[in-house]
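The values are calculated or read from the model by the stated rules, or taken from the named source; none is laboratory data. Small disclaimer: the values here were computed from a predicted structure and weren't measured. With ideal geometry, Cβ positions are generated from the backbone for all residues, glycine too; neighbour counts draw on all protein chains shown. These accessible areas exclude ligands, DNA and RNA; they are computed on the full protein's heavy atoms, side chains included. Shrake-Rupley method; radii C 1.70, N 1.55, O 1.52, S 1.80 Å.
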Amino acid sequence: MTQQDTVRREVSVDLDVCEASGVCARMVREVFRLDDDDVLTIAHQPDTDELDRRVAVAVRRCPKQALSLH
Amino acid sequence: MTILEDQPINPPTTLDLDEINLADPDFWLRPDYHDALAKLRAARPVSWHEHHDSGKGFWAFLDYEDIIAVTRDWEAFSSKHGIRVHHDAGTGQVRPGTNIMIEMDPPEQTANRKHVSTGFTPRQVRKMETYVREQAIRIVSEFERGDEIEFVGDIAARLPMEIICDIMGVDPADRPHLLDLSNRTLGDQDPDYGVDPLEGTKATLELREYGVQLAAERLENPGDDLFSEIARIEVDGKPLPKEQLGGYFALLIAAGNETTRTAITHGMIAFSRFPDQKALFQSDPVGLEQSAAEEIIRWASPLRHMGRVLTHDIEYRGVRMRTGEKAAVWYSASNRDPAVFDDPFRFDITRDPNLHQSFGGGGPHFCLGANLARREVWVLFQELFARFPDAVAVADPVPLRSVQVNGVKSLKVRL
(Lines give C-alpha, C1' and ligand atoms only; values in the text may rest on other atoms or scores of the structure.)
Protein backbone atom coordinates (compact mmCIF):
# COMPACT_ATOMS: atom_id res chain seq x y z
CA MET A 1 0.00 0.00 0.00
CA THR A 2 1.40 3.41 -0.86
CA GLN A 3 1.34 6.35 1.46
CA GLN A 4 -1.62 7.90 -0.41
CA ASP A 5 -3.75 4.80 -0.01
CA THR A 6 -3.43 4.70 3.75
CA VAL A 7 -6.67 5.58 5.48
CA ARG A 8 -5.75 8.56 7.58
CA ARG A 9 -7.29 9.56 10.85
CA GLU A 10 -8.72 13.05 11.11
CA VAL A 11 -8.28 15.30 14.10
CA SER A 12 -11.09 17.51 15.34
CA VAL A 13 -11.61 19.99 18.13
CA ASP A 14 -14.64 20.50 20.35
CA LEU A 15 -14.71 24.28 20.57
CA ASP A 16 -17.12 24.18 23.51
CA VAL A 17 -14.43 22.45 25.55
CA CYS A 18 -11.29 24.12 24.14
CA GLU A 19 -9.87 26.85 26.39
CA ALA A 20 -7.16 27.94 23.96
CA SER A 21 -4.30 27.01 26.25
CA GLY A 22 -2.24 26.50 23.10
CA VAL A 23 -0.55 23.24 24.11
CA CYS A 24 -1.35 21.59 20.76
CA ALA A 25 -0.36 24.66 18.76
CA ARG A 26 3.04 24.64 20.42
CA MET A 27 3.49 20.91 19.82
CA VAL A 28 2.36 20.59 16.21
CA ARG A 29 2.46 24.01 14.60
CA GLU A 30 1.71 22.61 11.12
CA VAL A 31 -1.66 21.27 12.26
CA PHE A 32 -3.00 23.41 15.08
CA ARG A 33 -3.36 27.19 14.87
CA LEU A 34 -4.86 29.63 17.31
CA ASP A 35 -6.34 32.51 15.37
CA ASP A 36 -6.39 36.10 16.57
CA ASP A 37 -9.64 35.48 18.42
CA ASP A 38 -8.25 32.43 20.25
CA VAL A 39 -10.27 30.03 18.15
CA LEU A 40 -8.39 26.83 17.47
CA THR A 41 -8.34 25.82 13.82
CA ILE A 42 -7.06 22.67 12.17
CA ALA A 43 -4.88 24.10 9.45
CA HIS A 44 -3.83 20.80 7.99
CA GLN A 45 -4.93 17.20 8.59
CA PRO A 46 -2.13 14.75 9.39
CA ASP A 47 -0.99 13.18 6.13
CA THR A 48 2.14 11.31 7.18
CA ASP A 49 2.79 8.68 9.81
CA GLU A 50 5.10 11.05 11.59
CA LEU A 51 2.49 13.81 11.75
CA ASP A 52 -0.17 11.33 12.79
CA ARG A 53 2.04 10.21 15.65
CA ARG A 54 2.76 13.76 16.81
CA VAL A 55 -0.91 14.73 16.55
CA ALA A 56 -1.82 11.67 18.63
CA VAL A 57 0.53 12.87 21.37
CA ALA A 58 -0.95 16.38 21.21
CA VAL A 59 -4.46 14.93 21.46
CA ARG A 60 -3.42 13.06 24.57
CA ARG A 61 -1.71 16.09 26.07
CA CYS A 62 -4.57 18.55 25.53
CA PRO A 63 -5.26 19.68 29.10
CA LYS A 64 -8.96 20.06 28.45
CA GLN A 65 -9.34 16.88 26.36
CA ALA A 66 -10.90 18.95 23.62
CA LEU A 67 -9.21 17.11 20.73
CA SER A 68 -10.08 13.77 19.18
CA LEU A 69 -8.63 11.62 16.42
CA HIS A 70 -10.99 9.40 14.48
CA MET B 1 32.29 31.09 39.18
CA THR B 2 29.12 32.08 40.99
CA ILE B 3 28.36 30.97 44.51
CA LEU B 4 25.71 28.50 43.37
CA GLU B 5 27.62 26.99 40.48
CA ASP B 6 29.71 24.51 42.43
CA GLN B 7 26.81 23.04 44.40
CA PRO B 8 25.51 19.62 43.40
CA ILE B 9 22.17 19.85 41.58
CA ASN B 10 20.85 16.48 42.70
CA PRO B 11 22.86 15.04 45.61
CA PRO B 12 22.18 11.35 46.31
CA THR B 13 19.69 10.82 49.09
CA THR B 14 20.71 9.40 52.45
CA LEU B 15 17.12 8.43 53.28
CA ASP B 16 15.81 4.88 53.26
CA LEU B 17 12.56 4.30 51.42
CA ASP B 18 10.54 4.09 54.63
CA GLU B 19 11.99 7.35 55.90
CA ILE B 20 10.68 9.37 52.96
CA ASN B 21 7.64 11.25 54.19
CA LEU B 22 6.13 13.83 51.85
CA ALA B 23 3.82 15.01 54.64
CA ASP B 24 6.79 16.30 56.61
CA PRO B 25 7.55 19.96 55.80
CA ASP B 26 11.17 19.38 56.82
CA PHE B 27 11.54 16.75 54.08
CA TRP B 28 11.21 19.56 51.53
CA LEU B 29 14.06 21.54 53.11
CA ARG B 30 16.52 18.69 52.46
CA PRO B 31 19.04 19.21 49.66
CA ASP B 32 18.52 15.58 48.58
CA TYR B 33 14.72 15.64 48.30
CA HIS B 34 14.70 15.28 44.52
CA ASP B 35 16.74 12.10 44.65
CA ALA B 36 14.52 10.80 47.43
CA LEU B 37 11.49 11.41 45.21
CA ALA B 38 13.18 9.53 42.35
CA LYS B 39 13.97 6.63 44.66
CA LEU B 40 10.40 6.51 45.93
CA ARG B 41 8.90 6.80 42.44
CA ALA B 42 10.99 3.89 41.20
CA ALA B 43 10.10 1.62 44.12
CA ARG B 44 6.58 2.77 45.01
CA PRO B 45 4.93 5.04 42.44
CA VAL B 46 1.87 5.10 44.71
CA SER B 47 2.62 5.33 48.43
CA TRP B 48 0.98 6.31 51.72
CA HIS B 49 2.24 9.23 53.84
CA GLU B 50 1.18 10.46 57.26
CA HIS B 51 1.38 13.76 59.11
CA HIS B 52 3.43 13.37 62.29
CA ASP B 53 1.04 15.39 64.37
CA SER B 54 -2.39 14.09 63.37
CA GLY B 55 -1.60 10.64 62.03
CA LYS B 56 -3.84 11.44 59.10
CA GLY B 57 -2.46 10.79 55.68
CA PHE B 58 -2.78 10.61 51.93
CA TRP B 59 -1.84 8.59 48.87
CA ALA B 60 0.99 10.12 46.87
CA PHE B 61 1.23 9.73 43.09
CA LEU B 62 4.69 10.47 41.72
CA ASP B 63 4.60 9.06 38.19
CA TYR B 64 4.01 11.46 35.27
CA GLU B 65 1.47 9.25 33.47
CA ASP B 66 -0.35 8.38 36.72
CA ILE B 67 -0.69 12.09 37.45
CA ILE B 68 -2.37 12.62 34.08
CA ALA B 69 -4.74 9.73 34.78
CA VAL B 70 -5.61 10.85 38.32
CA THR B 71 -6.02 14.53 37.45
CA ARG B 72 -8.40 13.74 34.61
CA ASP B 73 -10.46 11.20 36.57
CA TRP B 74 -12.39 13.77 38.56
CA GLU B 75 -15.22 11.34 39.19
CA ALA B 76 -12.98 9.13 41.34
CA PHE B 77 -10.57 11.83 42.52
CA SER B 78 -12.77 14.74 43.55
CA SER B 79 -11.81 18.34 44.31
CA LYS B 80 -15.04 19.02 46.16
CA HIS B 81 -13.67 18.11 49.58
CA GLY B 82 -10.54 20.24 49.48
CA ILE B 83 -7.24 20.27 47.62
CA ARG B 84 -4.66 20.60 50.39
CA VAL B 85 -3.26 17.42 51.87
CA HIS B 86 -1.84 19.19 54.91
CA HIS B 87 -5.05 20.79 56.08
CA ASP B 88 -6.69 18.42 58.53
CA ALA B 89 -8.51 18.91 61.77
CA GLY B 90 -5.79 17.10 63.73
CA THR B 91 -2.97 19.30 62.44
CA GLY B 92 -4.55 22.53 63.62
CA GLN B 93 -4.64 23.63 60.03
CA VAL B 94 -8.17 23.70 58.76
CA ARG B 95 -9.54 25.98 56.13
CA PRO B 96 -13.22 26.48 55.65
CA GLY B 97 -13.94 25.48 52.05
CA THR B 98 -14.03 28.22 49.48
CA ASN B 99 -16.88 26.60 47.53
CA ILE B 100 -15.48 28.05 44.33
CA MET B 101 -14.25 26.47 41.15
CA ILE B 102 -10.95 25.08 42.44
CA GLU B 103 -12.95 23.08 44.99
CA MET B 104 -15.72 21.93 42.65
CA ASP B 105 -16.17 19.09 40.20
CA PRO B 106 -17.78 19.25 36.76
CA PRO B 107 -20.39 20.14 35.65
CA GLU B 108 -20.67 22.80 38.36
CA GLN B 109 -16.99 23.65 38.01
CA THR B 110 -17.25 23.96 34.22
CA ALA B 111 -20.11 26.47 34.48
CA ASN B 112 -18.21 28.58 36.99
CA ARG B 113 -14.83 28.46 35.34
CA LYS B 114 -15.99 29.69 31.96
CA HIS B 115 -16.92 33.05 33.43
CA VAL B 116 -13.39 33.57 34.67
CA SER B 117 -11.37 31.80 31.97
CA THR B 118 -12.26 34.38 29.32
CA GLY B 119 -10.06 36.87 31.17
CA PHE B 120 -6.96 34.70 30.69
CA THR B 121 -7.06 33.39 27.10
CA PRO B 122 -3.96 33.86 24.90
CA ARG B 123 -5.68 36.76 23.16
CA GLN B 124 -6.48 38.57 26.39
CA VAL B 125 -2.95 37.98 27.61
CA ARG B 126 -1.43 39.15 24.31
CA LYS B 127 -3.37 42.37 24.69
CA MET B 128 -1.52 42.89 27.96
CA GLU B 129 1.94 42.55 26.36
CA THR B 130 2.81 46.27 26.40
CA TYR B 131 1.36 46.72 29.85
CA VAL B 132 3.25 43.75 31.36
CA ARG B 133 6.48 45.00 29.81
CA GLU B 134 5.97 48.52 31.15
CA GLN B 135 5.47 47.13 34.63
CA ALA B 136 8.62 45.01 34.38
CA ILE B 137 10.67 47.97 33.14
CA ARG B 138 9.30 50.20 35.88
CA ILE B 139 10.31 47.68 38.55
CA VAL B 140 13.84 46.94 37.30
CA SER B 141 14.49 50.64 36.61
CA GLU B 142 14.37 51.38 40.32
CA PHE B 143 17.79 49.79 40.71
CA GLU B 144 21.32 50.50 39.54
CA ARG B 145 24.01 48.24 38.21
CA GLY B 146 26.01 46.73 41.06
CA ASP B 147 23.17 47.05 43.60
CA GLU B 148 22.76 44.12 45.94
CA ILE B 149 19.06 43.45 46.30
CA GLU B 150 16.72 41.00 47.99
CA PHE B 151 15.43 39.61 44.71
CA VAL B 152 12.23 37.99 45.96
CA GLY B 153 10.76 41.09 47.59
CA ASP B 154 12.42 43.72 45.41
CA ILE B 155 11.60 42.19 42.02
CA ALA B 156 10.11 38.69 41.79
CA ALA B 157 7.10 39.25 44.05
CA ARG B 158 6.25 42.64 42.65
CA LEU B 159 5.55 41.98 39.00
CA PRO B 160 2.89 39.28 39.51
CA MET B 161 1.36 41.18 42.43
CA GLU B 162 1.03 44.44 40.50
CA ILE B 163 -0.42 42.64 37.50
CA ILE B 164 -3.01 40.50 39.30
CA CYS B 165 -4.04 43.52 41.39
CA ASP B 166 -4.43 45.66 38.26
CA ILE B 167 -6.47 42.91 36.60
CA MET B 168 -8.67 42.71 39.69
CA GLY B 169 -8.84 46.48 40.19
CA VAL B 170 -7.27 46.62 43.67
CA ASP B 171 -6.36 50.04 45.08
CA PRO B 172 -2.54 50.39 44.99
CA ALA B 173 -2.53 51.50 48.64
CA ASP B 174 -3.93 48.12 49.74
CA ARG B 175 -1.46 45.95 47.82
CA PRO B 176 1.31 45.56 50.41
CA HIS B 177 -1.28 44.39 52.94
CA LEU B 178 -2.73 41.88 50.47
CA LEU B 179 0.75 40.60 49.65
CA ASP B 180 1.36 40.04 53.35
CA LEU B 181 -1.95 38.16 53.69
CA SER B 182 -1.12 36.06 50.65
CA ASN B 183 2.29 35.19 52.15
CA ARG B 184 0.68 34.11 55.41
CA THR B 185 -1.94 32.08 53.60
CA LEU B 186 0.66 29.95 51.84
CA GLY B 187 3.37 30.19 54.46
CA ASP B 188 1.42 28.62 57.28
CA GLN B 189 4.00 25.88 57.87
CA ASP B 190 6.90 28.27 58.17
CA PRO B 191 7.53 29.74 61.61
CA ASP B 192 8.78 32.95 59.96
CA TYR B 193 5.30 33.81 58.76
CA GLY B 194 3.11 32.69 61.62
CA VAL B 195 4.16 30.68 64.65
CA ASP B 196 0.53 29.93 65.31
CA PRO B 197 -0.76 27.68 62.50
CA LEU B 198 -4.10 29.42 62.77
CA GLU B 199 -2.44 32.56 61.41
CA GLY B 200 -2.71 31.14 57.91
CA THR B 201 -6.41 30.54 58.28
CA LYS B 202 -6.91 34.02 59.69
CA ALA B 203 -5.08 35.52 56.72
CA THR B 204 -7.18 33.52 54.25
CA LEU B 205 -10.37 34.72 55.87
CA GLU B 206 -9.16 38.31 55.85
CA LEU B 207 -8.27 38.04 52.16
CA ARG B 208 -11.76 36.74 51.45
CA GLU B 209 -13.39 39.45 53.52
CA TYR B 210 -11.53 42.06 51.49
CA GLY B 211 -12.93 40.37 48.36
CA VAL B 212 -16.48 40.40 49.74
CA GLN B 213 -16.27 44.13 50.39
CA LEU B 214 -14.64 44.89 47.05
CA ALA B 215 -17.35 42.88 45.28
CA ALA B 216 -20.08 44.91 46.98
CA GLU B 217 -18.30 48.08 45.92
CA ARG B 218 -17.90 46.88 42.32
CA LEU B 219 -21.51 45.81 42.05
CA GLU B 220 -22.52 49.35 42.86
CA ASN B 221 -19.75 50.97 40.88
CA PRO B 222 -18.50 48.59 38.18
CA GLY B 223 -15.11 49.22 36.58
CA ASP B 224 -13.53 47.52 33.58
CA ASP B 225 -11.55 45.13 35.80
CA LEU B 226 -12.02 41.36 35.96
CA PHE B 227 -13.43 41.43 39.48
CA SER B 228 -16.28 43.73 38.38
CA GLU B 229 -17.15 41.02 35.86
CA ILE B 230 -16.84 38.23 38.41
CA ALA B 231 -19.09 40.16 40.80
CA ARG B 232 -21.78 40.13 38.12
CA ILE B 233 -21.52 36.40 37.37
CA GLU B 234 -24.83 34.60 37.36
CA VAL B 235 -25.06 30.81 37.44
CA ASP B 236 -28.52 29.48 36.55
CA GLY B 237 -29.85 33.01 36.68
CA LYS B 238 -28.69 33.60 40.24
CA PRO B 239 -25.83 35.85 41.36
CA LEU B 240 -22.96 34.20 43.21
CA PRO B 241 -23.27 34.31 46.99
CA LYS B 242 -20.94 36.88 48.52
CA GLU B 243 -18.84 34.22 50.29
CA GLN B 244 -18.02 32.76 46.88
CA LEU B 245 -17.03 36.16 45.53
CA GLY B 246 -14.64 36.48 48.46
CA GLY B 247 -13.32 33.02 47.61
CA TYR B 248 -12.68 33.98 43.99
CA PHE B 249 -10.82 37.04 45.10
CA ALA B 250 -8.59 35.14 47.52
CA LEU B 251 -7.93 32.41 44.96
CA LEU B 252 -6.94 34.76 42.16
CA ILE B 253 -4.77 36.95 44.39
CA ALA B 254 -2.94 34.00 45.96
CA ALA B 255 -2.66 31.98 42.74
CA GLY B 256 -1.63 34.97 40.65
CA ASN B 257 1.02 35.85 43.14
CA GLU B 258 2.89 33.12 44.85
CA THR B 259 3.35 30.72 41.91
CA THR B 260 4.72 33.23 39.42
CA ARG B 261 6.93 34.83 42.03
CA THR B 262 8.33 31.40 42.85
CA ALA B 263 8.94 30.62 39.18
CA ILE B 264 10.78 33.92 38.66
CA THR B 265 12.90 33.38 41.77
CA HIS B 266 13.88 29.83 40.79
CA GLY B 267 14.60 31.14 37.30
CA MET B 268 17.10 33.58 38.81
CA ILE B 269 18.67 30.79 40.86
CA ALA B 270 18.87 28.52 37.80
CA PHE B 271 20.43 31.21 35.60
CA SER B 272 23.04 31.70 38.33
CA ARG B 273 23.79 27.98 38.56
CA PHE B 274 23.84 27.48 34.78
CA PRO B 275 25.65 30.52 33.36
CA ASP B 276 25.79 28.87 29.92
CA GLN B 277 21.99 28.94 29.81
CA LYS B 278 21.95 32.57 30.89
CA ALA B 279 24.41 33.45 28.11
CA LEU B 280 22.27 31.52 25.64
CA PHE B 281 19.13 33.36 26.70
CA GLN B 282 20.94 36.70 26.47
CA SER B 283 22.06 35.85 22.93
CA ASP B 284 18.45 35.48 21.74
CA PRO B 285 16.00 36.69 24.40
CA VAL B 286 13.08 36.94 21.98
CA GLY B 287 13.63 33.73 20.02
CA LEU B 288 14.00 31.72 23.23
CA GLU B 289 11.31 33.47 25.26
CA GLN B 290 8.71 30.70 25.14
CA SER B 291 11.00 27.73 25.65
CA ALA B 292 12.95 29.54 28.39
CA ALA B 293 9.77 30.42 30.29
CA GLU B 294 8.55 26.85 30.00
CA GLU B 295 11.83 25.45 31.33
CA ILE B 296 11.93 27.94 34.19
CA ILE B 297 8.41 26.89 35.16
CA ARG B 298 9.30 23.18 34.92
CA TRP B 299 12.48 23.71 36.93
CA ALA B 300 10.68 25.71 39.61
CA SER B 301 7.64 23.42 40.02
CA PRO B 302 6.14 26.23 42.13
CA LEU B 303 3.26 24.16 43.42
CA ARG B 304 4.50 20.86 44.81
CA HIS B 305 1.20 19.03 44.82
CA MET B 306 -2.54 19.17 44.36
CA GLY B 307 -4.85 17.13 46.55
CA ARG B 308 -8.00 15.17 45.80
CA VAL B 309 -10.38 12.99 47.81
CA LEU B 310 -11.53 9.53 46.71
CA THR B 311 -15.26 9.31 46.02
CA HIS B 312 -15.32 5.51 45.94
CA ASP B 313 -13.09 2.52 46.65
CA ILE B 314 -10.65 1.82 43.85
CA GLU B 315 -7.63 -0.30 43.11
CA TYR B 316 -4.87 1.50 41.23
CA ARG B 317 -1.57 -0.17 40.32
CA GLY B 318 -2.46 -2.90 42.76
CA VAL B 319 -2.97 -0.43 45.61
CA ARG B 320 -6.39 -0.43 47.27
CA MET B 321 -7.71 2.99 48.21
CA ARG B 322 -10.89 3.71 50.10
CA THR B 323 -13.69 6.23 49.85
CA GLY B 324 -12.85 9.42 51.71
CA GLU B 325 -9.10 8.96 51.67
CA LYS B 326 -6.95 11.79 50.42
CA ALA B 327 -4.71 11.53 47.38
CA ALA B 328 -2.17 13.97 45.99
CA VAL B 329 -0.29 14.29 42.73
CA TRP B 330 3.29 15.52 43.11
CA TYR B 331 4.58 17.73 40.33
CA SER B 332 7.94 18.11 42.09
CA ALA B 333 8.50 14.46 41.20
CA SER B 334 6.91 14.23 37.76
CA ASN B 335 8.73 17.31 36.44
CA ARG B 336 12.04 15.49 36.99
CA ASP B 337 10.89 12.15 35.55
CA PRO B 338 13.68 10.82 33.28
CA ALA B 339 11.12 8.81 31.29
CA VAL B 340 9.65 12.12 30.12
CA PHE B 341 12.51 14.63 30.30
CA ASP B 342 15.98 13.89 28.92
CA ASP B 343 18.56 14.59 31.58
CA PRO B 344 15.90 16.11 33.87
CA PHE B 345 18.41 17.72 36.22
CA ARG B 346 19.84 19.82 33.44
CA PHE B 347 18.31 23.29 33.18
CA ASP B 348 17.91 23.54 29.42
CA ILE B 349 16.03 26.55 28.04
CA THR B 350 15.78 24.98 24.58
CA ARG B 351 13.67 21.96 25.62
CA ASP B 352 10.86 21.56 23.10
CA PRO B 353 8.32 20.22 23.64
CA ASN B 354 8.50 20.73 27.39
CA LEU B 355 5.35 19.12 28.71
CA HIS B 356 5.93 19.75 32.39
CA GLN B 357 3.10 19.48 34.87
CA SER B 358 3.61 22.70 36.79
CA PHE B 359 0.24 23.85 35.48
CA GLY B 360 -1.30 20.50 36.40
CA GLY B 361 -1.76 17.17 34.69
CA GLY B 362 -4.66 18.41 32.56
CA GLY B 363 -8.35 17.94 33.18
CA PRO B 364 -10.92 20.35 34.56
CA HIS B 365 -8.56 22.32 36.81
CA PHE B 366 -5.63 22.97 34.47
CA CYS B 367 -4.04 26.28 35.50
CA LEU B 368 -6.19 29.13 34.30
CA GLY B 369 -3.38 31.67 34.43
CA ALA B 370 -0.79 29.62 32.51
CA ASN B 371 -0.52 32.02 29.59
CA LEU B 372 -0.22 35.05 31.83
CA ALA B 373 2.39 33.33 34.00
CA ARG B 374 4.56 32.39 30.99
CA ARG B 375 4.47 35.93 29.69
CA GLU B 376 5.32 37.47 33.05
CA VAL B 377 8.30 35.14 33.37
CA TRP B 378 9.83 35.80 29.97
CA VAL B 379 9.17 39.55 29.97
CA LEU B 380 10.74 39.89 33.41
CA PHE B 381 13.97 38.11 32.41
CA GLN B 382 14.17 39.99 29.10
CA GLU B 383 13.96 43.32 30.88
CA LEU B 384 16.10 42.29 33.83
CA PHE B 385 19.01 41.09 31.71
CA ALA B 386 18.65 43.97 29.25
CA ARG B 387 19.35 46.40 32.08
CA PHE B 388 21.55 44.14 34.23
CA PRO B 389 23.43 41.67 32.01
CA ASP B 390 25.60 40.51 34.92
CA ALA B 391 22.79 39.95 37.45
CA VAL B 392 23.65 36.93 39.58
CA ALA B 393 22.66 35.32 42.89
CA VAL B 394 25.39 35.93 45.46
CA ALA B 395 24.09 33.85 48.38
CA ASP B 396 22.12 30.69 48.93
CA PRO B 397 18.35 31.10 48.63
CA VAL B 398 16.36 30.84 51.88
CA PRO B 399 13.65 28.26 51.24
CA LEU B 400 10.10 28.38 52.59
CA ARG B 401 9.14 25.50 54.86
CA SER B 402 6.09 24.10 53.11
CA VAL B 403 4.70 20.87 51.69
CA GLN B 404 2.58 22.91 49.32
CA VAL B 405 4.75 25.47 47.55
CA ASN B 406 8.40 25.42 46.52
CA GLY B 407 8.71 28.94 47.88
CA VAL B 408 11.82 31.02 48.44
CA LYS B 409 11.72 33.60 51.21
CA SER B 410 14.77 35.56 50.15
CA LEU B 411 17.55 35.55 47.58
CA LYS B 412 20.43 37.99 47.50
CA VAL B 413 21.23 39.09 43.95
CA ARG B 414 23.90 41.48 42.67
CA LEU B 415 22.65 43.41 39.66
Which whole-number percent is the relative contact order of region A:3-69 (Cα, under 8 Å, 6+ apart)?
43 percent
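If I stretch the segment between B:HIS52 and B:GLU19 completely, what's the gain in nm (0.36 nm per residue apart, minus their alpha carbon distance), one decimal?
Length difference between fully extended and current span is 10.7 nm.
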With each label point set 7 Å from Cα along the Cα-Cβ vector, what nm distance links B:GLU199 and B:GLU142?
2.3 nm
Global size of region B:121-266 as Cα Rg and Dmax, reported in angstrom:
16.5, 58
Inter-label distance, nm, simple model (7 Å from Cα along the C-beta direction), B:ARG133/A:ARG8
3.8 nm
In square angstrom to the nearest 100, the accessible surface buried at the A/B interface, both sides summed with a 1.4 Å probe, amounts to 1600 Å²
Return the whole-Å distance between the Cα centroid of region B:56-89 and the Cα centroid of region B:355-415.
24 Å
How shielded is A:10-22 by partner chains, expressed as the average number of their Cβ atoms within 10 Å of its Cβ atoms?
3
Enter the accessible area of B:THR311 (Å², nearest 10), with the probe set to 1.4 Å and all protein chains included.
60 Å²
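Quick one: length gained pulling B:GLN213 to B:ASP342 fully straight, 0.36 nm per residue minus the C-alpha distance?
41.5 nm
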Pair B:ALA279, B:ARG30: separation of 7 Å Cα→Cβ label points (nm):
3.6 nm
If you filter region B:260-349 for trypsin sites (Lys or Arg not before Pro), then keep DSSP loop positions with at most 11 other Cβ within 10 Å, what is left?
B:ARG317, B:ARG322
In the P(r) worked out for the protein assembly as shown, what percent of Cα pairs fall beyond 28 Å?
53 percent
So, relative contact order of region B:17-414 in percent, Cα under 8 Å, 6 or more apart, is 26 percent
Cα axis of helix A:49-61 to longest principal axis of chain A: angle in degrees, 0 to 90, nearest 10?
30 degrees
Could you work out the pair-distance distribution P(r) of region B:17-414 from its alpha-carbon pairs, with 10 angstrom bin width and percents rounded to whole numbers?
5, 23, 34, 27, 11, 1
May I ask you to find the residues of region A:53-70 that are shielded by at least 50 Å² of accessible area once the whole protein assembly is considered instead of their isolated chain (probe 1.4 Å)?
A:ARG60, A:ARG61, A:PRO63, A:LYS64, A:GLN65
Any chance you could get the radius of gyration and Dmax over the Cα atoms of region A:3-69, in Å?
11.4, 36
Counting sequence-distant residues (5 or more places) and residues on other chains, those with an amide H built under 5 Å from that of B:LYS409 are B:VAL398, B:LEU400
Place the peptides A:55-64, A:30-39, B:287-296, B:368-377 in order of packing, highest mean first, counting for every residue the other Cβ atoms within 10 Å and averaging per peptide.
B:368-377, B:287-296, A:55-64, A:30-39
Each residue of region B:394-407 in turn: what ³J(HN,Hα) in whole Hz from Karplus with 6.51, -1.76, 1.60 and θ = phi - 60°, glycine and Pro shown as x?
10, 8, 5, x, 9, x, 7, 7, 6, 7, 9, 10, 8, x
